[in-house]
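Rule-based calculations on the coordinates, nothing more; no lab input. Nothing here was measured: the structure is a model prediction, and the numbers come from that model. Note that each Cβ is placed from the backbone with ideal geometry, even for glycine, and that neighbours are counted across all protein chains shown.
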Amino acid sequence: MTQLTVYADTDPSRVLIETRAAAEIADVLSDIGVAFERWDAAVALAADAGPDDVLKAYDAQVKRLMEEGGYKSVDVVRVNPGHPDRAALRQKFLAEHTHDDDEVRFFVEGAGAFYLHVEGRVYRVVCERNDLLSVPAGTTHWFDTGENPHFCAIRIFTSPDGWVGNFTGDDIATRFPLFESAA
C-alpha cells in the first residue's frame, strides 16, 4: 500500500510523519514541490508485455501528461525478480542523485520506494500501482527496487536524453530503511 514516511535526515529512527492517506501524502509532498496523484492503472499487463505494449495501454494518460508538462520523451522501466541486471539496477538507483530534468513516474504494476532528501528530511514514498509521482529537477533523491523487485513504471522526461543521474557521492541511502522493510 502507498505510504509516506518522513524522517530527520540525521536520524532514520526518528519518524516525523507516517501516513497511508493519499490526500495527506499529496499535501506533505506538495510542500516540497513534489506532485503525487492516484491514477487508474486499469490495464492488466501480460507477464511478457514489452515497453511498446505498456505505452499503448496507457497512451491517452501519457499523451495528456506530456502535453500538460511539455515533456518530450517517454520510456518504460520494468524489473522483476528474474531480471538479469536486477542487482546492478538496484545499486545504481540506490545511490543518491539529482537530475537536470523532472522525474515523472506512473506505476502501472508492482511497487518501489522513492526517497527524497529535502531541507533536512528524508521522505520515503512507497509507490505502487496507480501512483504518479513527479519530482522536480534538482531534487536530491534515490530509489529502491527491493531485493526481489517487481514494478513497471512509465517514465516521462523533458529532455530527449531520458534518465541521466548526477550522483552526489553521499552514502545517506545506506543509513535509511530499505524497501523490504517498508510495510
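Here the contact order of the range 92-181, divided by its residue count and restricted to Cα pairs under 8 Å and six or more residues apart, works out to 42 percent. Among residues other than GLY138 with Cβ under 11 Å from its Cβ, the summed charge is -4 (Lys and Arg +1, Asp and Glu -1).
State, as an integer percentage, the relative contact order of the range 3-178 based on alpha-carbon contacts under 8 Å between residues 6 or more apart. 30 percent.
Between helix 59-69 and the chain there is an angle of about 50 degrees, using the helix long axis and the longest principal axis of the Cα atoms. One way to sum up the overall shape of the range 69-129 is the equivalent ellipsoid from its Cα gyration tensor, whose semi-axes run 20, 17, 13 Å, largest first.
Computed per residue of the chain from DSSP H runs no shorter than four, each worth -39500 (n - 2.57), the mean residue ellipticity at 222 nm is -5500 deg cm²/dmol.
Just so you know, the averaged projected area of the alpha carbon convex hull for the range 72-183 sits at 6.6 nm².
Its Cα gyration tensor gives the range 3-105 an equivalent ellipsoid. The semi-axes, each the square root of 5 times an eigenvalue, are 27, 20, 15 Å from largest down. Our note on the geometry: Cα centres of the range 17-41 and the range 61-83, 19 Å apart.
Across the options GLY120, HIS83, PHE93, the greatest Cα extent toward the positive end of the charge dipole of the range 58-131 (unit charges at beta carbon of Lys, Arg, Asp, Glu) belongs to HIS83.
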